[in-house]
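A quick write-up on the structure given underneath.
The values are calculated or read from the model by the stated rules, or taken from the named source; none is laboratory data. Just so it is clear, the model here is predicted, and its values are computed rather than measured. Here the Cβ positions follow ideal geometry from the backbone for every residue, glycine too, while neighbour counts run over all protein chains shown.
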Amino acid sequence: MLETVFNTRAMEFMPQLAEPAVRLHLLVVDADAAVRSACAEIAASLGYAVESTGDLAQARSLLRGHTADILLVNLPAGSNEGLEMVSEVKLLYPETSVIAMTATGSVNAAVEAMRCGASDYLTKPFAMDELSTVLDRAAQNHSTDTATRQLRERLRLSEGLGSMIGRSAEMEKIYRILSKVAQSTHPVLILGESGTGKELVARTIHAYGPNGEKPFLPVDCGSIVPTLIESELFGYVRGAFTGANRSKDGLLVSAEGGTVFLDEIGELSLDLQAKLLRALQEKEVRPVGATHRVPIKARIVAATNRDLAAMVEKGSFRKDLFYRLNVVNLRLPSLRDRREDIPLLAAHFLDRISREHNRKYTLSDEALRTMMRHDWPGNVRELENAIERACAMSSGPLLQLGDLPTQLQQKGLEARRAAVATGDGLAAAVAPELKTLADLEREAILGAIRTLNGDKLQAAKLLGIGKTTLYRKLKEYGIADPLREE
Ligand SMILES: Nc1ncnc2c1ncn2[C@@H]1O[C@H](COP(=O)(O)OP(=O)(O)OP(=O)(O)O)[C@@H](O)[C@H]1O
Ligand SMILES: [Mg+2]
């Protein structure tokens, strides 16, 4: 029995464990006073702050006063009280890790406890090191959970939410709706221009939702042929069509409670719209070629850059399906309507590429100013591509106007010209990036000689100057060996 396992001699030889940095609170609930005090004593010697009680009502009041990090609760045979306590604690204090203690042989009770949310169990009688192992495990899970929560919180407060970047009022509004809708499993419709982050939002809703660990399954309704969409979504049975050698579950079934992301939903044919509506209403589907129906368990998140309401007006999108998908909608702002997020997004992409290339890239002031003025019809995706391109084009770690896509370069040059014409402060700011005529002449001479593999006579002809002039210029610019010059 327990007393023999927890003898004082064993206690004396217990290794000295370093105390956890933060003392975790443990609540022991067991009507058996001997078990209770033995567990409490061992846990205290392991560094936990322990409270114990034999009475469930008192346990509840202790939990109300001070939430426990770990609850060690006995499941008395022949009563449901212990299990009820487990469910109740997981509902009221989801962050508390629960360990259930059961009598020998009552594996069912342990399984039931795990189903109710317990993370571990001990079968009586157990040895001291079994107790210390499960406590250790619970403590570790607890600290990982806390760290993850803190990280999420920090991310939310600093740059954005999860992997979403942006601190503009428009994005803050999106985060508020997003963190609310993530908690439910209602359908969500995400609207927004191309590249505004619709898929990223869908993934974030899924990741922050109650089934974040379950699959996230995207289906691109715009690029897959309708017959394939149907068999992808609803599944098929063997022999349903040529090549169907075996039955296959549809994504709405294999999501197992996760999320099916219907991207470009505006492209779905009217026939499939009708089938999808029926599936959502009846919560079951008929696989292609089957006569039976299969229950589905999946959250639907849909996205489109088309104006669905206008499509409903025109009759190309079913009104009833629109209403069903549009229970909650999120309209993502275009990048030009949240320009203040451009530097943050740019820094985020630069960081990522710098890590990948093992080289620290930064944007010149002029390049960033030009980016702030651009309208970004392709939104965040266009910005991401522009930065990737600039990193690939640039010769050094500082990305200049000349490294940006042509359209942006032109905008930047226009701004330069306007600044020079009006003689405002901007001209001074961009001056370091303007080349002098002498620089250009030196580059032209070097370029010509190199192209002609060192033939100075031909180079002079190409440049439209005499041979003597060329030699004079080379001397003037201090170029001894044109092929080796920087
Ligand atoms: N707020 C954001 N923070 C960080 N990255 C973002 C953000 N919004 C979008 N992105 C990035 O921009 C790119 C485009 O995003 P996404 O694919 O989600 O857009 P989309 O609206 O689905 O575009 P499309 O309509 O073209 O399919 C992705 O690489 C995504 O990670
Ligand atoms: Mg997309």
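Count, please, the residues in region 264-313 that happen to be within 16 Å of ligand 1 (Cβ to nearest atom), assigned to a helix (DSSP H, G or I) and of a type in the set (D, E, K, R). Adding up the residues that qualify gives 1. Somewhere in region 194-201, is a residue within 9 Å of ligand 1 (Cβ to nearest atom), surrounded by 16 or more Cβ atoms within 10 Å (Cβ to Cβ), modelled with pLDDT under 85 and not in a helix (DSSP H, G or I)? Taking every residue of region 194-201 in turn, none turns out to be within 9 Å of ligand 1 (Cβ to nearest atom), surrounded by 16 or more Cβ atoms within 10 Å (Cβ to Cβ), modelled with pLDDT under 85 and not in a helix (DSSP H, G or I).
Looking only at residues of region 377-389 that are touching a residue at least 24 places away in the same chain (Cβ under 8 Å) and of a type in the set (A, V, I, L, M, F, W, C), we find that the one that is farthest from ligand 2 (Cβ to nearest atom) is ILE387.
HIS374 versus (1) surrounded by 16 or more Cβ atoms within 10 Å (Cβ to Cβ); (2) within 16 Å of ligand 2 (Cβ to nearest atom); (3) not hydrophobic (A, V, I, L, M, F, W, C): which is the lone unmet condition? With respect to (1) surrounded by 16 or more Cβ atoms within 10 Å (Cβ to Cβ); (2) within 16 Å of ligand 2 (Cβ to nearest atom); (3) not hydrophobic (A, V, I, L, M, F, W, C), HIS374 is out only on (2). In the set (1) of a type in the set (Phe, Trp, Tyr); (2) within 16 Å of ligand 1 (Cβ to nearest atom); (3) surrounded by fewer than 17 Cβ atoms within 10 Å (Cβ to Cβ), the condition left unmet by PHE261 is number (3).
Residue by residue, here is whether (1) closer than 23 Å to PHE317 by Cβ; (2) modelled with pLDDT under 95; (3) not assigned by TED's automatic domain parsing to the domain that holds GLY195 holds:
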| site | (1), (2), (3) |
| --- | --- |
| GLU232 | yes, yes, no |
| ARG246 | no, yes, no |
| VAL253 | no, yes, no |
| GLY257 | no, yes, no |
| VAL260 | yes, no, no |
| GLU264 | yes, no, no |
| GLN281 | yes, yes, no |
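Residues in region 325-337 that are crowded, with 18+ Cβ neighbours inside 10 Å and part of a helix (DSSP H, G or I) were compared, and the one that is nearest to the chain's Cα centre (by Cα) is LEU335.
Residues in region 126-133 include none that are under 20 Å from CYS39 (Cα atoms), modelled with pLDDT of 85 or more, under 34 Å from the mean Cα position of the chain (by Cα) and of a type outside the set (S, T, N, Q).
Within region 333-348, can one find any residue that is closer than 30 Å to VAL188 by Cα, modelled with pLDDT under 90 and in contact with a His (Cβ under 8 Å, 6 or more places away or on another chain)? Checked against the condition, which is being closer than 30 Å to VAL188 by Cα, modelled with pLDDT under 90 and in contact with a His (Cβ under 8 Å, 6 or more places away or on another chain), region 333-348 yields no hits at all. Among the helices (runs of 4 or more DSSP H) confined to region 362-431, the ones with at least 3 residues that are under 19 Å from ASP337 (Cα atoms) and at pLDDT below 95 are located at 365-373. Looking at this structure, is ALA274 exposed (fewer than 15 other Cβ atoms within 10 Å of the Cβ), modelled with pLDDT of 95 or more and assigned by TED's automatic domain parsing to the domain that holds SER194? For ALA274, the condition - exposed (fewer than 15 other Cβ atoms within 10 Å of the Cβ), modelled with pLDDT of 95 or more and assigned by TED's automatic domain parsing to the domain that holds SER194 - is met. Of all residues in region 168-185, those satisfying the criterion of being in a helix (DSSP H, G or I), at pLDDT 85 or above and not β-branched (Val, Ile, Thr) are ALA169, GLU170, MET171, GLU172, LYS173, TYR175, LEU178, ALA182. Taking the numbered list (1) within 16 Å of ligand 2 (Cβ to nearest atom); (2) at pLDDT 85 or above; (3) in contact with a Ser or Thr (Cβ under 9 Å, 6 or more places away or on another chain) in turn, SER163 passes all entries but (2). Put simply, of SER364, SER395 the only residue that is more than 20 Å from MET164 (Cβ to Cβ) and out of contact with any strand residue (DSSP E or B) (no Cβ under 9 Å at 6 or more places or on another chain) is SER395.
Going by the conditions given, is ARG238 within 16 Å of ligand 1 (Cβ to nearest atom) and out of contact with any helix residue (DSSP H, G or I) (no Cβ under 8 Å at 6 or more places or on another chain)? If you could, list the steps in order and put the result at the bottom.
Values: within 16 Å of ligand 1 (Cβ to nearest atom): no; out of contact with any helix residue (DSSP H, G or I) (no Cβ under 8 Å at 6 or more places or on another chain): yes.
No: the conditions fail for ARG238.
Just one residue in the set VAL312, VAL420 is closer than 21 Å to ILE190 by Cβ and more than 23 Å from the chain's Cα centre (by Cα); that residue is VAL312.
Name the one entry in VAL285, VAL301 that is of a type in the set (Val, Ile, Thr), crowded, with 20+ Cβ neighbours inside 10 Å, under 26 Å from ILE205 (Cα atoms) and within 16 Å of ligand 2 (Cβ to nearest atom). Give the steps one after another, and end with the answer.
Details: VAL285 fails: within 16 Å of ligand 2 (Cβ to nearest atom).
Result of the check over VAL285, VAL301: VAL301.
Condition first: within 16 Å of ligand 1 (Cβ to nearest atom) and either in contact with a strand residue (DSSP E or B) (Cβ under 8 Å, 6 or more places away or on another chain) or of a type outside the set (S, T, N, Q) (or both). Can you find one or more residues in region 225-235 that meet it? For region 225-235, residues within 16 Å of ligand 1 (Cβ to nearest atom) and either in contact with a strand residue (DSSP E or B) (Cβ under 8 Å, 6 or more places away or on another chain) or of a type outside the set (S, T, N, Q) (or both): absent.
The single residue among VAL219, VAL253, VAL188 that is within 30 Å of GLY117 (Cβ to Cβ) and within 16 Å of ligand 2 (Cβ to nearest atom) turns out to be VAL188.
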